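All remarks here apply to the structure that follows.
Please treat every number below as a calculation from the coordinates, not as lab data. Keep in mind that this is a model prediction, so the values were computed, not measured. Neighbour counts run over all protein chains shown; Cβ positions are idealised from the backbone, glycine included.
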Amino acid sequence: MIRKYEIAFLIKEGEISKTTVERIREYFKKLKAVIANESDMGTRQLAYPIHRNREDFKKAYYHIAKVEMDTKNIPEFERLMKFDEDIIRHMLLTGE
């Protein structure tokens, strides 16, 4: 079943963030997801430090994507996000 999702990504800041956004687009292409809308919110201060992979992050690059994706692809998407070292956090919300 195809559903709409809104996904927020917190990405390591710096030049790596642009290549990570391109990699996220490739993940969506691999999962046959259709990107309806994307927005970059730039680098922002985090409310609290996030500790991941022996690093403390106080700032992150925010990227939001609205996609249409088959529900059976969600576990694979979650796996890809978990193992991507440049994505600090992500949140997947069901859209309309």
Helix axis angle, 16-30 relative to the chain longest principal axis, alpha carbon, degrees: 20 degrees
Residues with amide H under 5 Å from that of residue 13, placed H, sequence gap 5 or more: 61
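In the structure displayed, which of 4/30; 59/82; 12/82; 29/58; 18/58; 30/82 lie more than 22 Å apart, Cα to Cα? Intermediate values should be presented prior to the final figure.
Values: 4/30 17 Å; 59/82 19 Å; 12/82 14 Å; 29/58 31 Å; 18/58 19 Å; 30/82 16 Å.
The answer is 29/58.
Filter the trypsin sites (Lys or Arg not before Pro) in the stretch 28-88 to those in DSSP coil with at most 12 other Cβ atoms within 10 Å of their Cβ, and list the result. Don't jump to the answer; show the numbers that get you there.
Details: sites: 29, 30, 32, 44, 52, 54, 58, 59, 66, 72, 79, 82; in loops: 32, 54.
Those that pass, being in a loop and sparsely packed, are 32, 54.
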Rounded if a/c under 1.5, otherwise prolate or oblate - the stretch 1-56, Cα gyration tensor axes: prolate
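Treating only the Cβ atoms of Lys and Arg (+1) and Asp and Glu (-1) as charged, compute the dipole magnitude of the chain about its Cα centre; round to the nearest 20 debye. Kindly include the intermediate steps, with their values, before the conclusion.
Values: 19 positive and 17 negative charges, 28 e Å.
So the dipole magnitude of the chain works out to roughly 140 debye.
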Distant alpha-carbon pairs in the chain (separation over 17 angstrom), percent: 47 percent
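May I ask you to sort 83, 57, 9 by Cβ crowding, counting other Cβ atoms within 10 Å and putting the fewest first? Write down the numbers at each step before the final one.
Details: 83 8, 57 18, 9 24.
So the ranking, lowest neighbour count to highest, is 83, 57, 9.
What length, rounded to one decimal in nm, is gained on full extension from residue 2 through to residue 37, with 0.36 nm per residue of separation minus their alpha-carbon distance? Provide the component values of the computation, followed by the final result.
Values: separation 35, 0.36 × 35 = 12.60 nm, distance 1.63 nm.
Residue separation times 0.36 nm, minus the Cα-Cα distance, leaves 11.0 nm.
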³J(HN,Hα), Karplus 6.51/-1.76/1.60, whole Hz, each residue of the stretch 33-50, x for Gly, Pro: 8, 9, 7, 7, 7, 9, 8, 9, 9, x, 7, 9, 6, 7, 5, 8, x, 10
